[in-house]
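Chemist: Structure provided below as structure tokens; questions to follow.
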Amino acid sequence: MARKTFLCKSHPDFHIPEDVDVGEGFDGDAYARRLKACGVDAVAFFAKCHYGHSYYDTKVGYRHPRLKKDMLAELVAGCRRHDVGIVAYYSVFLDTAAIRQHPDWALQATSHATDAGFDSGNFLPVCVNSPYAEQLLIPQSLEVVTQYDVDEMFYDTMTGFKPCFCPRCRESFGQAIPEGPDDPHWLEYVRWYAEQFDGFFARVAREIHQAKPDVAVTFNWEWGIRKPRPAPEHIKRLAADLIPTGTMASMQTRYFAGTGLPYDYMTGRFLHGLGDWNSNTPESILYTASATVANGGGFYIIDRQLPDGSLEERAYAMMDTVFGFLQERRPWLVDTAHVPQIGVLYAYSHVMGSQMEFFPDPNARKERMKSWEGITRLFMEHARHFTVLNAETLQQRADEYGLIVVPEQEYLDEATKQALADYVQAGGTLLLTQTGEPKAVDADLLALAGVEYQGHGELPYGYIGTEPPIVMRGRFARVTPGPDVQTLVNALEPMHAGAGGQKFGHGFAPPAEPTGPAITVRTVGEGQVIYIAAPICTSYLDHQN
């Protein structure tokens, strides 16, 4: 049976502490009727929150101690009467109630302290190698999907955690947990640690699908831009949340579109995540929604649900405006797909580093994402259609694209580099941009471009010698073109003035003499390679020049 398309979704966030009455007077029929009137196709209602509290009559988990009625049962009955889909939300690796009952299940993020690895507020984190999955998460998930008529399980709080030093992890790994990338066992460890999460996801999805094959299973943020690798066979839908900008939505959804899987992007009406009660404007959320659905995704508005189960009136007004706009255009938005045109490579090996040395450090990962974010912003702000491809997708589908861009990528594996070479030989156009650091020089890519690396310039800026010249923040690579390479534009050295040649009055020194190629082109087989000897994508992100 084909799954109904849920284009417009409501996500009423619902993490309620134990000393608050919950669900007093909740009317599932009125709730669903109001959502339907606002254009909602499906609602993500909470089975279990970050506190570990369940909002239904669970026999497996921890029922909220002051829950007045089975809210999930009320919700399901109302939604089925009003043709609103039901997504059951389940908090995974944050569960305060479970940790209080089983302290040995806690994630121990250092050798001496328990920590979630990010600002988890009042919530306690769970270790992936604890008995939590077999003793609580899977049995409770099966309870939900077999006793409540839900369309999807939405699992939240995934792998944004630090490595765990608990006794079970140490025993399972078989040796001391490395403290960082300087340890000779670090790469062995992070691969093993990633496999623990992969196994966890596979077990959960397998159990759900065996019990209820038609129930979709979604793990928030997994297999997206934070970890751009192919989703395993048991994953049929992708999702990400929370940043309320059309730019971020477009970057995320253009990557999701490249996977070929259905997906959702979620954002809220709050200005700062979910931490305040200020509202974004309907116009800003509508822009984010439009960027999402234009790329083929479904759109969630996340909001904060009050303890009695109601939403603020301005929440309904927001949904009415945004979802009304989308529903009017529904025939053009459902079952769409990206037309291959420009492909932008975004490789897992680049994001994670040659030794996955910062796994899973979000700050270091953010730095590695800059070049990709820069090129996506450039294309979006200049109205160029593009699709973001992970390395495996590129290897399978490169020939569908007229242009492939490799934006300052480091640590590409051999299979990906061979796929790029084959793509050019067969008639494709490849655009390579150079990182601003000598350590990131890839000899194979430079050989494909036909240039010989001579080092990097000393100054942290220079000029691309167009007319007029364009200042580029970052260090140029100094390269010598081969005999079959044409220099399209030279790099210009700034006039040396002041200490270190960097200052000239109020700002940069003006352009002076050419120092070698800034942009080259080389014919290879039936195609061509364009090479830019500068980190222009990162520079564009930081300075939009």
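Chemist: Can you give the helix-only mean residue ellipticity at 222 nm for the chain, where every DSSP H stretch with n ≥ 4 adds -39500 (n - 2.57) and the sum goes over all residues, rounded to the nearest 500 deg cm²/dmol?
Modeler: On the way: 17 runs with 175 residues, N = 545.
Mean residue ellipticity, 222 nm, calculated: -9500 deg cm²/dmol.
Chemist: Using 0.36 nm per residue of separation minus the Cα-Cα distance, give me the extension gain between residue 81 and residue 57 in nm, one decimal.
Modeler: On the way: separation 24, 0.36 × 24 = 8.64 nm, distance 2.12 nm.
Net length gain for the segment: 6.5 nm.
Chemist: Taking θ as phi - 60°, what are the ³J(HN,Hα) couplings along the range 41-48 by the Karplus curve (6.51, -1.76, 1.60), each to the nearest whole Hz, with x for Gly and Pro?
Modeler: Computed from phi, the couplings for the range 41-48 are 8, 7, 10, 8, 9, 7, 8, 8 Hz.
Chemist: Also: Count the net charge of all other residues whose Cβ sits under 14 Å from the Cβ of residue 469, scoring Lys and Arg as +1 and Asp and Glu as -1.
Modeler: Numbers: positive: 473; negative: 467, 493, 513.
Net local charge, residue 469 excluded: -2.
Chemist: Once you keep just the Cα pairs under 8 angstrom separated by 6 or more residues, what percentage relative contact order results for the range 1-106? Spell out each step's value before the answer.
Modeler: Working: 181 pairs, mean separation 35.0, N = 106.
Relative contact order for the range 1-106 comes out at 33 percent.
Chemist: Among 354, 340, 390, whose Cα lies farthest out toward the positive end of the dipole of the range 339-408, if unit charges sit on the beta carbon of Lys, Arg (+1) and Asp, Glu (-1)?
Modeler: Working it through, the farthest residue towards the positive pole turns out to be 340.
Chemist: While we're looking at this one, here's another question. May I ask you to derive the relative contact order of the chain, considering only C-alpha pairs under 8 Å and at least 6 residues apart, and to give it as an integer percent? Numbers along the way, then the final one.
Modeler: Working: 1174 pairs, mean separation 63.2, N = 545.
Result for the chain is 12 percent.
Chemist: Summing Lys, Arg as +1 and Asp, Glu as -1, what charge do residues with Cβ under 11 Å from the Cβ of residue 290 carry, residue 290 excluded?
Modeler: 0
Chemist: Something else about it: Kindly identify the range 155-303 as rounded, prolate or oblate by the Cα gyration tensor criterion: order the square roots of the eigenvalues as a ≥ b ≥ c, call it rounded if a/c is under 1.5, otherwise compare a/b with b/c, prolate if a/b is larger, else oblate.
Modeler: Details: a/c = 2.25, a/b = 1.64, b/c = 1.37.
Since a/c reaches 1.5 and a/b is larger than b/c, the shape of the range 155-303 is classed as prolate.
Chemist: While we're on this one: How large is ³J(HN,Hα) for each residue in the range 391-397, as worked out from phi by the Karplus curve 6.51 cos²θ - 1.76 cosθ + 1.60 (θ = phi - 60°), to whole Hz, x for Gly and Pro?
Modeler: For the range 391-397, the Karplus curve yields 4, 5, 5, 4, 4, 8, 10 Hz.
Chemist: Name the residues whose placed amide hydrogens come within less than 5 Å of the amide hydrogen of residue 302, ignoring near sequence neighbours (fewer than 5 apart) on the same chain.
Modeler: The answer is 11, 267, 268, 269.
Chemist: Another question about this same structure. Under a 5 Å amide H to amide H cut-off, with H placed in plane at 1.01 Å, what residues pair with residue 493 once short-range neighbours are removed?
Modeler: Here the answer is 512, 513, 515, since their amide H atoms fall under 5 Å of that of residue 493.
Chemist: Here's another thing I want to ask about it. Could you pull out every residue, at least 5 positions away or on a different chain, whose amide H is within less than 5 Å of the one on residue 264? Hs are placed 1.01 Å off N in the peptide plane, and Pro or chain starts have none.
Modeler: Under 5 Å from the amide H of residue 264: 238, 239, 240, 298.
Chemist: Excluding residue 478 itself, what net charge comes from residues whose Cβ is under 15 Å from its Cβ, given Lys and Arg +1 and Asp and Glu -1? Show your work: numbers first, answer last.
Modeler: On the way: positive: 475; negative: 437, 452, 458, 493, 513.
Taking every Cβ under 15 Å from that of residue 478, the sum is -4.
Chemist: Cβ neighbours within 10 Å, averaged per peptide: list 344-356, 482-494 in order, most packed at the top.
Modeler: Working: 344-356: 21.2, 482-494: 17.2.
The most tightly packed comes first, giving 344-356, 482-494.
Chemist: In straight Cα distance, which aspartates and glutamates are under 12 Å from residue 69, not counting same-chain residues fewer than 8 positions off?
Modeler: Hits, sequence-local ones excluded: 21, 24, 27, 57, 308.
Chemist: Okay, next question. Just list whichever of 9/36; 4/36; 370/439; 162/236; 48/68 have alpha carbons separated by over 20 Å in the model shown. Spell out each step's value before the answer.
Modeler: On the way: 9/36 10 Å; 4/36 15 Å; 370/439 17 Å; 162/236 27 Å; 48/68 15 Å.
162/236, as the Cα separations exceed 20 Å there.
Where a number appears in this text, it was derived from the coordinates with a stated rule and is not lab data. Because the structure is predicted, anything quoted here is derived from the model rather than measured. Don't worry about glycine lacking a Cβ; one is built from the backbone with ideal geometry, like all the others, and counts go over all protein chains shown.
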